[in-house]
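The structure appears right after this line, and notes come after that.
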Amino acid sequence: MTTTPQRTPAALDTATRTRPSRAAARALTGEDPALRGAYRVCRRVTRVHDPAIYALVQLMPAVLRPACWALLAAASVLDDLADEPDVEPAERAARVEAWTGALQQDLAAGASTDPIRYALVDTAGRWRLDLTSLQGAMARTRADAHGLRFADWAAWRAWCNKEIVPWVDQVRHLFEQAGAPMTLRLDRQADYEHFVDGAQLTDVLTDLSTDLAQGLLLLPQEALEPFPGAEGDLLQGRWSPPVAALITELTALARQRVTRPAMTRGMHPGAGIVLDTAASLMRAQLDAIDAAGPTLLTRPPRLSLVARARVLAPARLRSSMAWSLTPLTMPGAPRPAVTANLPSPAARDSGLRPPPPHPSGARPPQIAADRMPTHVAVIMDGNGRWAEQRGLSRSEGHRAGTAAAHDIVYGALEIGLRHLTLYAFSTENWKRNTEEVTAILAGLQKELDEDPFRDLDVRHRWSGRPDGLPEELVQALVRLERRTSNRTALTLTACINYGGRHEMTQTAAALLQAAREGDVDPRLLSEADFARHLPHPDMPDVDLLWRPGDEQRTSNFLPWHAAYAELYFTPGHWPDMDRRDLWQAITEYGRRQRRHGAVPAPLTSPEKHHSPPSCPT
């Protein structure tokens, strides 16, 4: 979706050309005139493509601005290629593909003849950006070239997250590298998600005339259905009472979404000012949308210079003061950027490999397709007892348990399991002695730093509470989740500082907040509503819950998801387990008849087998 190019008024443009940003650019690029020119191009593209975003970048520290221009200019170019008028969708998608493929080559070479890609390559190397996290956003941009349709708000929000969040994460990484982290509190996750929704909805309403001219209506059917006739009128460019009512409701919804005062609490004041100013600019833009009336269908509404200055002038003063009190880290010389898995078809999976074979040469059993579980959850029990039986410290037991977990993941990939959830650290584990808890957390941090599954097709997720965990560990978990979000073979969820009752309580609190905001009707509340507000609403129910260690209880683990799980308890401590034990558990699952209160279905004939998907090579 393209934001209509707008020229920033001359007075505002002059005011935002600050001496520190030029000095920072010179300091970063040294004597390379081509690189300085590349960053100037990125700055100009950002200013023309979206003046409001450009103004927000000017509220950031001068040392960060060139990198932000490079990221935003790249996003703008891809957006324009996907939305290029008078070009067939297939050709637009091919142009996006060609640009991202060239970026892959440029990142490997460390330079580019294209100024925007050159600046992005330099930014990625200088600020240690992992551009693999942009894979989904770039792939989504290719899909946008073919047009978009959304059945409901859930599908629309999924698009928003894949479209926007990866680019925002790169900017957050810049703040972190500069020593002023834009820390997002996990207990404010709903606020951040609503803010993204509101920002994207504001953008959709602003660009309504541009999109309609291309036959696009980027609103979900769920939003259109209460206003019969509005969809047809919009596609025909007619302003009608249903259209007016729809726009009024959507602007009110967007205004509610972007107004999240609690979102910036506990954040660095400079970063908080940037987000608060973004919210204020969007509310002003929504006022302009409300005031546009029928002209909304013929041209994008623009903020007046006065309205823009009313928001930006005080923000500049406050941000200047906030950053003047903050010592920032300048980036070093560029290093090779992380480039694996950028979305060129030839390169997309080039960094992935199959799991290593078991030393014994054991291969997974053949399991009938309807006997294969989708989701296996494991309570990794007995690390400490395993160590004590061998005269070792409990910490050694946890290290051995980590090695066992690696082999279980390899076995899950080999047999084609889609979801594996491991109970790594419970909220009750804090009761253990400080030395053991410290060792467990240090082991988890080491595991994240080394990332043993980096080259495997594993999507990582974390479920649990941030309270009490080291901030570095929390941020590492979030980064890993974002970086692997587009992998598809196995979803590996680590439950760290997790408690099932707390998860249920937090879900109830989220439902209560949704009811207050009118998103759900308490009188019509269903199990589906509850599941939709769980921390990971797309996590499937657990089919098989396995606990080694000779204990037979579920220990507050996944109470909602495991309500109908088959329970499988085995002797032997966790460090003694390997992938063959996982395969045995799955084989045992396949022998059971799952009734769920109904008459059991006949067993599948033995010749119908499940074949594990082939691993990328």
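In this simple spin-label model, placing a label point 7 Å from the Cα along the Cα-to-Cβ direction at both Ala307 and Arg128 gives a separation of 4.3 nm. Modelled spin labels at Asp449 and Trp560, positioned 7 Å past Cα toward Cβ, are 3.5 nm from each other. Judged by the gyration tensor of its Cα atoms, with axes a ≥ b ≥ c, the stretch 369-588 is prolate; a/c meets the 1.5 cut and a/b is the larger of a/b and b/c. If a/c stays under 1.5 just call it rounded; otherwise compare a/b with b/c (prolate if a/b is bigger, oblate if not). Do that for the stretch 442-498, with a ≥ b ≥ c from the square roots of the Cα gyration tensor eigenvalues. Prolate.
Hey, for a label at Asp152 modelled as a point 7 Å past Cα toward Cβ, could you say which residues of the stretch 198-231 have their backbone N under 11 Å away? Label zone hits: 222.
Using every pair of separate Cα atoms, the Kirkwood estimate puts the hydrodynamic radius of the stretch 358-485 at 16.3 angstrom. The amide H of Leu129, built 1.01 Å from its N in the peptide plane, has no neighbour under 5 Å, considering only residues 5 or more places off or on other chains. The gain in end-to-end length when the Arg40 to His502 segment is fully stretched comes to 161.3 nm, 0.36 nm per residue minus the alpha carbon separation.
Would you please give the FRET efficiency between Ala94 and Thr488, computed as 1/(1 + (r/R0)^6) with r the Cβ-Cβ distance and R0 = 22 Å, to the nearest 0.05?
It comes to 0.40.
Ordering Leu328, Leu444 from the fewest to the most neighbouring beta carbons within 10 Å gives Leu328, Leu444. A Förster distance of 25 Å, applied to the separation of the beta-carbon atoms of Arg353 and Asp538, puts the FRET efficiency at 0.40.
Kindly list the residues of the stretch 59-79 that lie in the label zone of Gln214, defined by a backbone N under 13 Å from the point 7 Å along the Cα-to-C-beta vector. So the set is 76-79. With θ taken as phi - 60° and the Karplus curve 6.51 cos²θ - 1.76 cosθ + 1.60 applied, the whole-hertz 3J(HN,Hα) list for the stretch 250-266 is 6, 5, 5, 5, 4, 5, 5, 5, 7, 8, 10, x, 6, 5, 9, 5, x Hz, x standing for glycine and proline.
With a/c under 1.5 counting as rounded, go ahead and sort the stretch 245-315 into rounded, prolate or oblate using the C-alpha gyration tensor (a ≥ b ≥ c being the square roots of the eigenvalues; past the cut-off, prolate if a/b is larger than b/c, else oblate). Taking the square roots of the gyration eigenvalues as a ≥ b ≥ c, the stretch 245-315 is oblate.
Each part reduced to its alpha carbon centroid, the stretch 413-440 and the stretch 296-330 end up 45 Å apart. Label sites at Glu527 and Gln256, each approximated as a point 7 angstrom past Cα along Cα to Cβ, lie 2.9 nm apart.
Provide Rg over Rh for the stretch 141-289; use the alpha carbon set for both Rg and the Kirkwood Rh (inverse mean inverse pair distance).
1.01
FYI, it's all coordinate maths here, none of it is from the lab. All figures in this text were calculated on a predicted structure; none of them were measured in a lab. Glycine also receives a Cβ, built like all others from the backbone with ideal geometry; neighbour counts cover every protein chain displayed.
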